[in-house]
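These notes concern the structure reproduced below.
Every number in this text was worked out from the coordinates using simple rules, so none of it is lab data. From a predicted model like this one, the values you see are computed outputs, not experimental measurements. Because the Cβ atoms are built from the backbone with ideal geometry, glycine has one as well, and the counts that use them run over all protein chains shown.
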Amino acid sequence: MEIITFSAIKGGVGKTTLAFNYGEWLAKNGKHVLLIDLDHQSNLTQTYNIYDNQDTVGNIFLDRGKVKIHEISAYISLIAGDMHLDDIERTIENKTNKNMFLYMWLSDNYERLNLGKFEYIILDCHPDFSTATKNAVIISNAILSPITPSEHGYNAKFNLEERINELRKEAIDYSTRKSYVTTKLFFIANMIKHNTRSSRELLKALKGDPSVLATVPEKELFNRSTLDKNLFQKWLKTTKHILINMNFLIVWTKHLMKSRKNYKYFIHVLITRILNTCACEL
Ligand SMILES: Nc1ncnc2c1ncn2[C@@H]1O[C@H](COP(=O)(O)OP(=O)(O)OP(=O)(O)O)[C@@H](O)[C@H]1O
Ligand SMILES: [Mg+2]
């Protein structure tokens, strides 16, 4: 099982969009995916037209009540977000095990809920480094963090790196001194425009950085893909270029990306890279 968290300190950078598209892509390729919505805005949950606030992810943190796993399709399941998750986080703030609720829930329910059938768990976080996000980091094999071209976009990268390192020191098993945080952190440059200074500067700053998995252009179809699932497929067919920088200096040009096969290959390479870099299992 691979556990992958989409997280960023900054809002509106594409966490939910990428989590949704990544999950859908895996499902289309026959992988069983469990999505967990850890954002009280519940955008990922609403994408699947789920609006009830019963038996949500909140119960994992309250350590009581049922947690419903919605079967969206044969390959996609979802634990719905809770509009009160921010309040719930405040109520557990003083508990010593507050960062371990997800970890404990997964191990306590692994067999009873047959969680082993999921090859991927994908978590979507609120734009902060709150208790819920820390819980996600602790169980994750990889964190994927979108960064966008803006004044503070690049700084957000360091901010997240620093916070994860702090958590790495803090969340330890006191007898062995081993950290529960074993995750690797990767970045995806998102919403890159081909003609703006901020996009060019961001790409320049990220060039050759092995933690940057991919560069995704700003595309109107991508923008709407969380609202209409089929649009992502359309986007794959119609978009003219995707740049991908994976420390192997693979740069896709418009020419290379003109066939559908190449789009598919882009996604394949991105995901293979993620899988190869987070080989550890829970
Ligand atoms: N590559 C892209 N091109 C164009 N629009 C995009 C792209 N990626 C994301 N968007 C759009 O940007 C907006 C914000 O994206 P999204 O909701 O995924 O961000 P988020 O990081 O999850 O936000 P929040 O921090 O509020 O949870 C959405 O309208 C989304 O469709
Ligand atoms: Mg979101």
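A Förster radius of 25 Å, combined with the Cβ-Cβ distance separating Lys178 from Thr91, puts the computed FRET efficiency at roughly 0.30. Less than 5 angstrom separates the built amide H of Met83 from none of the residues sequence-distant by 5 or more or on a different chain. Computed from backbone phi with θ = phi - 60° and the Karplus coefficients 6.51, -1.76 and 1.60, the 3J(HN,Hα) list for region 22-37 is 5, x, 4, 5, 4, 4, 5, 9, x, 9, 7, 10, 10, 8, 10, 8 Hz; x is used for glycine and proline.
Annotation: amide H of Ile172 within the under-5 Å range of Tyr180, sequence separation 5 or more or interchain, hydrogens built in the peptide plane. Treating r as the C-beta distance of Leu62 and Glu218 and R0 as 35 Å, the FRET efficiency rounds to 0.35.
Taking amide H atoms as placed 1.01 Å from N in the peptide plane, the amide H of Ile147 lies under 5 Å from those of Ile188, Ala189, Asn190, each 5 or more residues away in sequence or on another chain.
Tell me, what is the FRET efficiency for Ser198 and Asn159 to the nearest 0.05, using R0 = 22 angstrom and their Cβ-Cβ distance as r? Taking R0 as 22 Å, the efficiency between Ser198 and Asn159 is 0.80.
Computed on the Cα atoms alone, the convex hull of region 122-166 gives a volume of 79 cubic angstrom per residue. Residue ranges 13-22, 166-175 sort as 13-22, 166-175 when ordered by packing (mean number of other C-beta atoms within 10 Å per residue, highest first). For region 71-133, taking the reciprocal of the average inverse distance between every pair of different Cα atoms yields a Kirkwood hydrodynamic radius of 13.6 Å. Look at the dipole of region 44-200 built from charges on Cβ: of Ile92, Tyr103, Pro146, the Cα furthest out on the positive end belongs to Pro146. Each residue of region 83-96 was assigned a 3J(HN,Hα) from its phi angle through the Karplus expression (A = 6.51, B = -1.76, C = 1.60, θ = phi - 60°), giving 5, 9, 4, 5, 5, 4, 4, 5, 6, 9, 3, 8, 7, 5 Hz with x at Gly and Pro.
Label positions at Asn29 and Ala74, each projected 7 Å from the Cα along the C-beta direction, are separated by 1.8 nm. Here the Kirkwood formula puts the hydrodynamic radius of region 36-108 at 12.6 Å, using every distinct Cα pair.
Where Lys and Arg each count +1 and Asp and Glu each count -1, what net charge lies around Asp39 among other residues with Cβ under 10 Å from its Cβ? Within the 10 Å Cβ shell, the charges total -4. Given in Å, the Rg to one decimal and the Dmax to the nearest whole number for the Cα atoms of region 1-53 are 11.5, 32.
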